[in-house]
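Rule-based calculations on the coordinates, nothing more; no lab input. Small disclaimer: the values here were computed from a predicted structure and weren't measured. We place every Cβ from the backbone using ideal geometry, glycine too, and count neighbours over all the protein chains shown.
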Amino acid sequence: MKNEVVFSCEDVHVFVEDKEIVKGVTLEVRAGEKHALMGPNGSGKSTLAAALMGHPGYRVEGRITLLGEDVSEMSPDERARRGMFLSFQYPVAVPGVSVANFLRAAISARRGEEIPVREFRKLLTEAFAALDIPRSFMGRYLNDGFSGGEKKRLEILQMMLLEPVFALLDETDSGLDIDALKVVSEGINRVAGDHMGLLLVTHYQRILNYVRPDRVHVFMDGRIVRSGGPELAHELEERGYDWLAPEGAAVGGAA
Amino acid sequence: MADTAHTLDTTTLLDEAAVRAAAERAGGGDASLDTRLEALATFRDTPPPDRVRHLWRYTDFSRLLPESLEPAGPLAMPEIPEPPDGGMVVVLRPGAPPEVRSSDAAREAGVRVLPLGEALEGEELFGTVVPASHGYFEALNAAAWDGGVALTIPGGVHLERAIRLLVVAPDGVSLPRILVVAGRGSEASVVEEHVGGGEATRLVGVTELSVGEGANLRHTVLQRLDAGARAHLTTRARVARDGGISTVVASFGGSLVKMDLGSLLAEQGARSEIVGFVLGEGRQHMDHHTVHEHVAPRTWSNIDFKVALTGRARSAYTGLIRIETTAPGTEAYQENRNLLLSEEARAETIPELEILTDDVQCTHGATVAPLDEEQVFYLESRGIPGDEAERLIVRGFLEATLSRLPDSVRTDVEAAVEQRLKAFEGGHR
Ligand SMILES: Nc1ncnc2c1ncn2[C@@H]1O[C@H](COP(=O)(O)OP(=O)(O)OP(=O)(O)O)[C@@H](O)[C@H]1O
Ligand SMILES: [Mg+2]
């Protein structure tokens, strides 16, 4: 349904041991909306994304919902099966597990039933073609020895096959060459359509020329310090982040 | 598990009457009895294993030892598979001659399967690969084996299909003994599968393999004993000039298992490879030892041994490479990798190299690593439940080794791995 809130988080705090890294984030994403999250290195963007996905290494406070359902206490796989997706800034290699076997397990898990072999083959062929990934990658071990750009393409391929309702894309554009950026952006747009919500973490305006955001959020020291329209991204490109630094901030947490 | 270590009185475990009784049950003539009585003498002269000595540092030998040789009650027989075309199935159990089901093709190829007792008449190879003096358990087996088979693959014969040896363990004591003779230039594959058993199982097995000149033998050991079983298995191959043995061990079952595997590269150009898969969970205790003994020039050996543990399982792996002065131009490689899925699982890995000549190439490596939580998270973030994610990672851990196996062997081992992993408990949280 268009305009439906697909994802929300309310006053989310993320702690690593006793250190507070994310310090209260509230966000709402509706079907068809694309949000960009931009902020300096080390401000906590990846930590936020991983915590929203349910990474076990963090303690999280606050409420996270997906399609109106509270998923705050759910394991990552439960969140994923309900339609949350995270494209990793650094996709993890799993030697010995072939891309095809992995994808079959993931699609079957998301659907709640084994995907028939023929349908799986067809889906795979289409998705590999759409993202211009050689078919030989199906038999390779997951992210093992892949180049940076190849990994990012495979992340979007997974998004394509898993059809999430809400996707967190953590720097999917870094490491992509100019042509690949175009292919991957087209892939993102195609999957996103008008029913999916998207939160795109990026450092660069460039990808936003293809994947046009409805909202841009500036993230500094664990907080969203400013939100605006697409023009905000241009402003950041010109002026950097300093002018947005919250008053009295930057001492790295009140612990 | 409560430690049931008992004070040992080995003279009551095995005396001449027990040896005669075992000979009677297993069948065989005077030659069989003579070798048994010789072995009894050796057994009496062999002190029980010393826990200070490295091979027994990790496992209490008394828990592997039967308390008596009193035959177990009736045996629960598994379903015996029909041999595929060209194949053969041999069932071995205590107190009975081996039961043979052979396809016509295997029979016509001239493969001989005899009860070990009968084969001993005129068979000089018994006890030459694993002599009674090898050790305490081996002497016990040589004197009191209660079910035995001798397989002979005539020279020059190439068998298309594997010979399947199904060794059925009772819920009590059993001492199976297997002799495989691969004649000059022959090619064959023998799958030794240990099944059955229970809490009272005390299995003391010996397998001797003689690989003739230019012969190629594949030996696959599938240890799939039931929960609770305790087993000590000794396997040795003697490889003649330009011959080769490929051993694959999949050790998954039982509660306390010790295996001593190895090859003697006896003549020049001999080759031996050992590939190992050990999966342990719960309170399983696994102790595996491999030996590659190079005594002739230009011999080659390789070991790729993989262990994955969850729950409170324990594994010890010791791998010995010995290269004598008589073995220049030798290559020997050894790798042992261990994956721990739970915090309570423990793995020891001890490479031992005794290299007495300079003209060799030898490498060895060993790792013990915990499950990578980031891999689990990555798979989970795609909807794959934690337990399944762990199984995928374990499967991936074994894959590089599995994928090197020839198709015929791979099918068997993979099926056993899949079946084992299905029941593998998740460990990481
Ligand atoms: N497990 C952890 N242990 C200790 N510190 C951590 C941990 N995870 C994150 N941090 C710290 O939290 C801060 C935020 O890191 P994070 O990766 O979220 O930043 P980011 O905004 O994604 O940066 P970048 O733009 O460079 O990707 C960093 O200072 C990082 O070192
Ligand atoms: Mg980051």
Per residue of A:92-101, other chain Cβ atoms within 10 Å number on average 6
Vicinal HN-Hα couplings computed from phi for the range B:36-52 (Karplus, 6.51 cos²θ - 1.76 cosθ + 1.60; Hz; Gly/Pro x):
5, 5, 4, 5, 4, 4, 4, 4, 5, 8, 8, x, x, x, 9, 5, 6
Could you tell me whether the range B:333-418 comes out rounded, prolate or oblate from its Cα gyration tensor? Rule is a ≥ b ≥ c as square roots of the eigenvalues, rounded for a/c under 1.5, then prolate if a/b exceeds b/c, otherwise oblate.
oblate
Over the protein assembly as shown, what portion of Cα pair distances is larger than 44 Å, expressed as a whole percent?
37 percent
Tell me, what HN-Hα J-couplings in whole Hz come from the Karplus equation 6.51 cos²θ - 1.76 cosθ + 1.60 at θ = phi - 60° for each residue of the range A:183-191, using x for Gly and Pro?
4, 5, 4, 4, x, 4, 4, 5, 5
Would you compute, from DSSP H runs of 4+ residues alone, the mean residue ellipticity of chain A at 222 nm, taking -39500 (n - 2.57) per run and dividing by the full residue count, rounded to the nearest 500?
-10000 deg cm²/dmol
Rounded to a whole number, the mean other protein chain Cβ count within 10 angstrom for residues of A:136-148 is 1
Electrostatic dipole magnitude of chain B [Cβ: Lys, Arg +1; Asp, Glu -1; Cα centre; debye, to 20]:
240 debye
As a percent rounded to 5, the proportion of antiparallel DSSP bridges among beta bridges in chain B is 5 percent
For the range B:153-228, rounded, prolate or oblate, judged on the Cα gyration tensor with a ≥ b ≥ c (square roots of eigenvalues), a/c < 1.5 rounded, else prolate if a/b > b/c?
prolate
Under the rule rounded for a/c under 1.5, else prolate if a/b exceeds b/c, else oblate, using alpha carbon gyration tensor axes a ≥ b ≥ c, the range A:49-125 is classed as oblate
Under a 10 Å cutoff between Cα atoms, tell me which one of B:Gly135, B:Gly383, B:Gly117 has the largest fluctuation in the Gaussian network model of chain B.
B:Gly383
Which residue, B:Gly329, B:Val206, B:Gly280, has the largest displacement toward the positive end of the dipole of chain B when charges sit on each Cβ (Lys, Arg +1; Asp, Glu -1)?
B:Gly280
Under a 5 Å amide H to amide H cut-off, with H placed in plane at 1.01 Å, what residues pair with B:Gly244 once short-range neighbours are removed?
B:Ala215, B:Asn216, B:Leu217, B:Arg271
For peptide A:156-162, the mean count of other chain Cβ atoms within 10 Å per residue Cβ is 1
In a GNM of chain A with a 10 Å cut-off on Cα contacts, which of A:Val97, A:Val216, A:Val12 has the highest mean-square fluctuation?
A:Val97
Set Lys and Arg Cβ to +1 and Asp and Glu Cβ to -1, take the dipole of the range B:5-267 about its Cα centre, and tell me which of B:Leu166, B:Gly244, B:Ala18 lies farthest positive.
B:Gly244
Which residue fluctuates most in the GNM of chain B (Cα springs below 10 Å): B:Ala215, B:Ala17, B:Ala332?
B:Ala17
When the chain is fully extended, how far beyond the present Cα-Cα distance does A:Glu186 get from A:Asp11, taking 0.36 nm per residue of separation?
59.7 nm
Along each of its three principal axes, how wide is the spread of alpha-carbon positions in the range B:5-267, in whole angstrom units, largest first?
51, 40, 37
What nm distance separates the two modelled labels at B:Leu356 and A:Lys122, each placed 7 Å from Cα along Cα→Cβ?
6.9 nm
Roughly how far apart, in whole Å, are the Cα centres of the range A:193-211 and the range B:123-174?
68 Å
Sorted by chain and number, the residues with a modelled amide H under 5 Å from that of B:Val180, at a separation of 5 or more or across chains, are B:Leu151, B:Glu208, B:Leu209, B:Ser210
What does the net charge come to around B:Leu379 if you take all other residues with beta carbon closer than 9 Å to its beta carbon, with K and R at +1 and D and E at -1?
-3
Mind scanning A:Lys45/B:Lys306; A:Lys152/B:Lys306; A:Lys19/A:Lys152; A:Lys152/B:Lys422; A:Lys45/A:Lys151; A:Lys23/A:Lys151 and naming the pairs with a C-alpha gap bigger than 28 Å?
A:Lys45/B:Lys306; A:Lys152/B:Lys306; A:Lys19/A:Lys152; A:Lys152/B:Lys422; A:Lys23/A:Lys151
